[in-house]
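Here the structure comes first, spelled out in structure tokens, and everything after it is commentary.
The values are calculated or read from the model by the stated rules, or taken from the named source; none is laboratory data. Worth saying up front: this structure is predicted, and the values here are computed from it rather than measured. We place every Cβ from the backbone using ideal geometry, glycine too, and count neighbours over all the protein chains shown. These area figures cover heavy atoms from the full protein model, side chains too; ligands, DNA and RNA do not enter into them. Shrake-Rupley method; radii C 1.70, N 1.55, O 1.52, S 1.80 Å.
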Amino acid sequence: MTPVLELDIATWRPIVAAADTEHYARELESGAVLALPHLPFALGTDEKRFLDVRWSDGKAKNISLDGAALKGARGDPADVAKLASMIARFAADASALVAALLPRYAPYLKRARTSYRPHPVAGRAVSWRKDDTRLHVDAFPSRPNGGERILRVFCNVNPHGADRVWRVGESFEAMARHLLPRVRGRVPGEAALLAALHVTKGVRSRYDHLMLGLHDRAKADLDYQRTCAQREVHFAPGTTWICYSDQVMHAAMSGQYMLEQTTHLPLAALYEPTRAPLAVLERLTGHALA
């Protein structure tokens, strides 16, 4: 079962003892979630108006900041620029937090998209593949990563007292042992063709193919969703939490208004690379996958 470790930290730039930084990293690499219930992301008086779905263009579930480009938002240019500034400030705080808690990682961190999620989790009509209320590990169809880790920082900024409710499941290895036999094999030339057609940004490795297969098989199997080892976790407003979302089986069940920062990390940065999904899948398959 996925453990949740609570940290009594109340600043985005904490001073952390070396022994604690290693402990936190090893917990994350083992598949734990680090929860910081006393670390809110404070919005300025003028920023609180952005806690409203009207700022979303309605075409995507998230408003995302990718470099300097803000996507999925609507409003006049001045307001959109202020919204982008708020999201960028969260990106800076989240990156500073990871560097302080996990300084060994700091030289390797590659910041990816920062998301603001104003829509409620429940009630969106999506396909089963995009239904994040089903337990899954993160794997991105268009962005193969060849085994790099996906480290994410989340913060519940709900102004109405609503928790962000997750389900967390069994360990990555337990899930993979159960579902891996159901993942279809790759068609010869498939990865190269998808890249040539710009369906993917780069060529999917065998690892990427298996991770997408595990993502899909978990979401498609309603019996697995009901019967696998799991529990519910509540993240109250003002709570920040961190996990490797490519390793932790998770499902978002309810909540509204959340900020999220995605970071990529190579295996060379880890304390225990043998616990990474790539290493686990290579052991289970007996093949090099990336």
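Given (1) 18.7, 56; (2) 18.5, 59; (3) 28.1, 107 as candidate values of Rg and Dmax of the Cα atoms in Å, which corresponds to the one derived from the coordinates?
Calculated Rg and Dmax of the Cα atoms in Å: the matching label is (1).
Treat every Asp and Glu Cβ in region 91-249 as -1 and every Lys and Arg Cβ as +1, leave all other atoms uncharged, and give the resulting dipole magnitude about the Cα centre to the nearest 20 debye.
It comes to approximately 340 debye.
What lysines does Lys110 reach when the alpha-carbon gap must be under 18 Å and sequence neighbours fewer than 8 apart in one chain are set aside?
Lys201
Before rounding to the nearest 500, sum -39500 (n - 2.57) across all DSSP H runs of length at least 4 in the chain and divide by the residue total; then give [θ] at 222 nm in deg cm²/dmol.
Taken over the chain, the calculation gives -8500 deg cm²/dmol.
Return one whole number: the accessible area per residue of the chain in Å², for a 1.4 Å probe.
Value returned for the chain: 44 Å² of accessible area per residue.
Among all lysine pairs in region 1-102 that are eight or more places apart or on different chains, how many have alpha carbons less than 19 angstrom apart?
4
Once you place label points 7 Å from the Cα toward the Cβ at Arg182 and Thr11, how far apart are they in nm?
Going from the Arg182 label point to the Thr11 one covers 4.8 nm.
Could you work out the per residue convex hull volume over the alpha carbons of region 1-137, in cubic angstrom?
Cα-based convex hull of region 1-137, divided per residue, equals 143 Å³.
If you average the alpha carbon positions of region 159-210 and of region 216-290, how far apart do those two centres end up, in angstrom?
Using only Cα atoms to place each centre, the spacing works out to 11 Å.
Which FRET efficiency, nearest 0.05, do Ala236 and Ala96 yield, Cβ-Cβ r, R0 30 Å?
0.85
Taking every pair of alpha-carbon atoms in region 160-290, what share in percent sits in each 5 Å bin, from 0 to the bin with the longest distance?
Over region 160-290, the share of Cα pairs per 5 Å bin runs 2, 8, 16, 18, 17, 18, 12, 6, 2, 1, 0 percent.
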